[in-house]
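Student: Below are the structure tokens for one structure; questions will follow.
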Amino acid sequence: MSSTPHLLGFAELLGRLRHVLTVNGEDTVTRRPANLTYHPYFGRDGWPRRLHGHILFWLNGHLDPTSLLNLEPAAEVLRALGYSLTVKAAVLASEAEQLSLQGWSWGHAVHTAVLRTVEDDEPEDTRIGDATVMAVLSHVAAHHAPEVTSPTRAVPLFHRGYPIGLLGHLAAELRLDAVHASALGDTRALALFGHLGWTLSPRASAVLITAEQVEADGATWTDAVIQARDTPRDHLPREPWDR
């Protein structure tokens, strides 16, 4: 992950949260140390203890467990460490954090927080890198049967507001405007994101192209995700919102 401070948008934060869930499991819950009256973001061993502690960890951030910042909400801690959030991303962070601290599993907390986040998009909210693309692709594939494939002929990514295929479900998970997407009738992910004004890094574009090609060849969604993950991209410029 990049250590360069930048403005975190909704799609990027959601992707990073999905990455945390992929690594730690959706059933993970926040547990407060027995000797403390608060939930530290990090333990004394330096490992994250809270949902957003993992976000800081992947951004190369750290917070001492004795810091008073441990009493602050996630959005304020991120800002204090150089990562400001858009209004929409701040709501997502706040909702997910509150639910996780109430004992909800992290997967359930993130899913519910996404549904509760209805603020209008700023340009940064629709900006995604390869970290977000890979995390959300993995999430989509993991929640479908291993043998699932997509139609081999070109079909729109959305039909009457519903996603079609792996890339359609990726866009839906990112809360792309499904009604507008259906009206456009795009069959290619890059075209759809472009028509709706989203910004993709070169690395994110490369991952999407690989996933789309493998999916079109009739591979399972799981295989498409695996091959997308292995897409060579070290030769491409790295944006702050990439992995």
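Student: Consider Leu63 carefully, then state whether it is under 13 Å from the mean Cα position of the chain (by Cα) and over 23 Å from Arg238 (Cβ atoms).
Tutor: no
Student: From the list Ala211, Ala216, which residue is under 29 Å from Leu56 (Cα atoms) and among the hydrophobic types (A, V, I, L, M, F, W, C)?
Tutor: Among Ala211, Ala216, only Ala211 is under 29 Å from Leu56 (Cα atoms) and among the hydrophobic types (A, V, I, L, M, F, W, C).
Student: Which residue out of Leu157, Leu176, Leu99 is at pLDDT 95 or above and within 26 Å of Trp221 (Cα to Cα)?
Tutor: Sole residue among the options that is at pLDDT 95 or above and within 26 Å of Trp221 (Cα to Cα): Leu157.
Student: So for the stretch 152-167 (the condition being more than 22 Å from Leu115 (Cβ to Cβ) and out of contact with any Ser or Thr (no Cβ under 9 Å at 6 or more places or on another chain)), does at least one residue qualify?
Tutor: Within the stretch 152-167, one or more residues are more than 22 Å from Leu115 (Cβ to Cβ) and out of contact with any Ser or Thr (no Cβ under 9 Å at 6 or more places or on another chain).
Student: Something else now. Can you pull out every residue in the stretch 98-151 that is assigned by the TED database to the domain that holds Val207, open to solvent by 20 Å² or more (accessible area, probe 1.4 Å), polar (S, T, N, Q) and not in a helix (DSSP H, G or I)?
Tutor: Selection gives Thr149 alone.
Student: Output the residues belonging to the stretch 2-35 that are at pLDDT below 90 and of a type in the set (S, T, N, Q).
Tutor: Matches in the stretch 2-35: Ser2, Ser3, Thr4, Asn35.
Student: Take Val225 and decide whether it is of a type outside the set (S, T, N, Q) and open to solvent by less than 30 Å² (accessible area, probe 1.4 Å).
Tutor: On the way: of a type outside the set (S, T, N, Q): yes; open to solvent by less than 30 Å² (accessible area, probe 1.4 Å): yes.
Criteria met by Val225.
The values are calculated or read from the model by the stated rules, or taken from the named source; none is laboratory data. Every value quoted in this text rests on a predicted model; they were computed, and no experiment measured them. Glycine gets a Cβ as well: all are built from the backbone with ideal geometry, and neighbour counts include every protein chain shown. Protein only, heavy atoms only, side chains kept; ligands, DNA and RNA dropped before computing areas. Shrake-Rupley method; radii C 1.70, N 1.55, O 1.52, S 1.80 Å.
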